[in-house]
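Novice: Before I ask anything, let me first share the structure, which is written out below as structure tokens.
The values are calculated or read from the model by the stated rules, or taken from the named source; none is laboratory data. The model shown is predicted, which means the values in this text are computed figures rather than measured ones. As a convention, Cβ positions derive from the backbone with ideal geometry for all residues, glycine included, and neighbour counts pool all protein chains shown.
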Amino acid sequence: MRRSYIFTSITATVVLLLSAAAAAAQVAPLRGHVVLKQADGTSVKPADAVIDVYRTDISGVFHTKTDKKGEFVFAGLPFVGRYVIAASMPNAAPGFQTGVRVGQDIDYEIVLSPGNGGRLTLDDINKAGTAAPASGGGGARAVESAADKAKREEIEASNKKADNSNKIVAEAFKAGNEALTAKNYEEAVKQYDIGLAADPEQAALLTNKAAALKALGVAKYNAAIQSKDDAARAAGIEAAKANFKDAAESSDKAYELIKKETVAADPNAQKAHDANKYAALNVRSEAYRLYVTKGDPTKIDGGMAAF
């Protein structure tokens with residue numbers, strides 16, 4: 001007598017909630033440097049210049065100072081934000097850079113010139129406009145060289161591309177989660193793939209895609225083993241095996257990305273990171289359990305590692 005074992009999926013909703021929280025808290029680094037053009041025509045990279053980063057899409061401000069090399073780094077700012085960087089120091093006119101996004105691997109440069117040591121507020125910057133970095137007090141605009149213009153246009157193009165990518169990822173994540181909750185697993189996978197096409201390094205998308213693939217494989221396997229048609233049963237089981245394999249691979253990618261993430265010292269960011277990591281590991285262990293037991297027993301080492 002042939003026995004049939006029906007597998008169930010119990011983690012999809014948990015993964016949805018955890019991944020959504022983690023995605024909302026994603027952070028990325030921001031770095032740059034300050035150049036002071038002195039009265040004698042020489043330039044230096046000053047230490048202890050005050051750096052004010054204003055978030056412009058919602059209220060937010062972050063502060064630091066340049067190091068001995070005139071450089072500054074923020075280890076983790078909210079990834080989805082839009083920012084302005086302002087720099088100031090004694091005996092210099094303040095300067096600023098608009099159109100800033102984090103996680104772009106751009107070394108932003110703020111150029112200062114001799115001045116009264118004023119410090120710019122976000123209101124000062126808004127009044128000055130957004131055409132170019134300011135070099136004069138009170139928000140006066142600097143003369144933009146051809147090199148500066150080319151650099152600004154490159155940054156703006158990069159930011160526009162990032163904006164479009166972020167929008168696609170957010171929409172795909174939302175639509176995929178809705179489909180996953182409704183147990184429309186094929187649609188969920190489709191939506192997550194749309195997001196991953198825009199940004200393939202989104203761990204939350206990969207984790208939830210793995211959850212959807214796993215659940216889809218379970219549904220196919222359960223339907224197949226109850227079929228009275230041998231050909232349909234065999235085809236259904238093979239399709240389920242393919243889903244389990246894809247789920248394992250997607251969860252592997254998610255976990256590798258999470259391991260490489262730079263996490264800010266903020267407790268909330270650490271908590272979100274840990275939740276995202278737990279969700280990825282949870283899905284990964286389940287995906288491998290099904291992949292090894294129902295798909296490819298030779299992957300037992302990978303299954304043990306995932307467990």
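Novice: For region 116-133, give me each residue that is at pLDDT 80 or above and crowded, with 19+ Cβ neighbours inside 10 Å.
Specialist: Scanning region 116-133 gives Leu120, Ile125.
Novice: Sort out which residues of region 56-90 are within 18 Å of Val44 (Cα to Cα), in a strand (DSSP E or B) and not hydroxyl-bearing (Ser, Thr, Tyr), and write them in order of number.
Specialist: Looking only at region 56-90, we keep the residues that are within 18 Å of Val44 (Cα to Cα), and these are 65-72, 86-90.
Now drop any that are not in a strand (DSSP E or B), which leaves 65, 71-72, 86-88.
Across region 56-90, the qualifying residues are Lys65, Glu71, Phe72, Ala86, Ala87.
Novice: Could you check region 57-85 and list, in sequence order, the residues that are buried (at least 18 other Cβ atoms within 10 Å of the Cβ) and of a type in the set (Ser, Thr, Tyr)?
Specialist: Those that are buried (at least 18 other Cβ atoms within 10 Å of the Cβ) and of a type in the set (Ser, Thr, Tyr): Thr66, Tyr83.
Novice: Another question about this same structure. So which of Gly70, Gly41 is at positive phi and modelled with pLDDT of 90 or more?
Specialist: After ruling out the rest, the residue left standing is Gly70.
Novice: Taking the criterion of being in a helix (DSSP H, G or I) and either over 28 Å from Gly303 (Cβ atoms) or in contact with a strand residue (DSSP E or B) (Cβ under 6 Å, 6 or more places away or on another chain) (or both), would at least one residue in region 235-251 satisfy it?
Specialist: No, region 235-251 has no match at all.
Novice: Can you find even one residue in region 264-280 that is small (Gly, Ala, Ser) and over 30 Å from Ala28 (Cβ atoms)?
Specialist: no
Novice: Pick from region 28-56 the residues that are in contact (Cβ under 8 Å) with a residue 24 or more places away in the chain and exposed (fewer than 14 other Cβ atoms within 10 Å of the Cβ): which of them is nearest to Thr262 (Cα to Cα)?
Specialist: Asp48
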